[in-house]
Amino acid sequence: MAKYKIADTVFEILTVSDYTQHLCKDFLVEDLKAEHTIKTTVEEVREEMKKEPNFPGVYIESLVVFRRLCDYLLQKKKGIIFHSSAIIVNGEAYLFTAPSGTGKSTHARLWRELLKEKAVMLNDDKPLIRQIGNQFIAYGSPWNGKHKLGANVSAPIKAICVLEQAKENKITKISPKEMLPVVINQTMYPNNEEKVDKMLNLLDGLLKTVNLYKLQCNVSLESAELSFNVMSKGE
Amino acid sequence: MLKVKTGFILREVSETFIVLAVGERVKEFNGMITINETGAYLWKILEKGATAEDLVSALIEEYGIDKELAVKDVDAFVNKMKGAGLLE
């Protein structure tokens, strides 16, 4: 009976294959009571495999677990997944988001090159966010992208930045209104009205709480210097 | 008669009116569209069902604008809604 503490919530995860258990191993805990159990079945995984025939079943199963976990966090823990590359510097988390292929992982890599050991990779693909009091905390998760970058760490979110490819580097502060369509596309879309309202409430609070930026950038250390200098000062 | 399809909801978030899909509609409509305040007013009427003429009258009454402008606004809004597949 394997238990994992993910986004400060203890889950018991029971799966058909060992793949998900292996994926989650950095989040393993003992001596803690599970708050919620996620159990998958062969039938359910087979059903999901029909929708995504190009992926192996064990991977599909891990996504089924992830979806259930996100669903629980949304319903009970003021939590959402936010598709982004998240990095911690000086105890604060910075989240880079963009449509797939724009280069969020690349920009996070440039920050690591620039800041060396000062930069800790939180999660390169699917960090989780929870509202705790008035703060929004980003948590690492076992689902950390194709480069497997991330750790079992957490930090309050300082800023969210949407990336656009450009020749010249330029960073602009943007409003919650401008960021809203971006964040809605980067979270998991719930399947009923009550959950949609929970998601919107969280996003609304998040956008009002953290600094928001748009970075037009090329792939260079200068782009990372620019974004880090502006975002870390909260300018 | 124009009417909003079931499964589409209007919400106000971050000072923005947005339309989202719920339930089975999510499969055909991903993400969101934003509408302005006038659009949100018309949407609420369209949830119950109305003709284009009803919408024009409602706009004139609510905003005190002349008929020509109201017809133009209603046309633009209805076309946007139809284009996005939100109306029956």
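The single condition from (1) more than 9 Å from every other protein chain (Cβ to nearest Cβ); (2) open to solvent by 60 Å² or more (accessible area, probe 1.4 Å) that A:Leu215 fails is (2).
Can you pull out the residues in segment B:25-69 that are more than 14 Å from chain A (Cβ to nearest Cβ), of a type in the set (D, E, K, R) and over 27 Å from A:Lys177 (Cβ atoms)?
Filtering segment B:25-69 for residues more than 14 Å from chain A (Cβ to nearest Cβ) gives B:38-46, B:48-69.
Applying the additional criterion that residues be of a type in the set (D, E, K, R) yields B:44, B:48, B:53-54, B:61-62, B:66-68.
Result: B:Lys48, B:Glu53, B:Asp54, B:Glu61, B:Asp66, B:Lys67, B:Glu68.
When you look at A:Ser175, is it touching a Leu at 6+ places or on another chain (Cβ under 8 Å), within 21 Å of A:Arg112 (Cβ to Cβ) and either of a type in the set (Ser, Thr, Tyr) or away from chain B (no Cβ under 12 Å) (or both), yes or no? For A:Ser175, the condition - touching a Leu at 6+ places or on another chain (Cβ under 8 Å), within 21 Å of A:Arg112 (Cβ to Cβ) and either of a type in the set (Ser, Thr, Tyr) or away from chain B (no Cβ under 12 Å) (or both) - is not met.
This table checks each residue for (1) open to solvent by less than 10 Å² (accessible area, probe 1.4 Å); (2) touching a His at 6+ places or on another chain (Cβ under 9 Å).
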| position | (1), (2) |
| --- | --- |
| A:Phe66 | yes, no |
| A:Gly79 | yes, no |
| A:Ile88 | no, no |
| A:Glu92 | no, no |
| A:Phe96 | yes, yes |
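May I ask you to verify whether A:Ile160 is more than 14 Å from chain B (Cβ to nearest Cβ) and modelled with pLDDT of 95 or more? Judged against the criteria, A:Ile160 is not a match. In segment A:119-137, the qualifying residues are those that are in a strand (DSSP E or B), polar (S, T, N, Q) and over 11 Å from the mean Cα position of the chain (by Cα), and the one that is surrounded by the most Cβ atoms within 10 Å (Cβ to Cβ) is A:Gln131.
The values are calculated or read from the model by the stated rules, or taken from the named source; none is laboratory data. Computed from a predicted structure; not experimentally measured. Note that we place each Cβ from the backbone using ideal geometry, even for glycine, and neighbour counts take in every protein chain shown. To get the accessible areas, we keep the full protein, side chains included, count just its heavy atoms, and leave off ligands, DNA and RNA. Shrake-Rupley method; radii C 1.70, N 1.55, O 1.52, S 1.80 Å.
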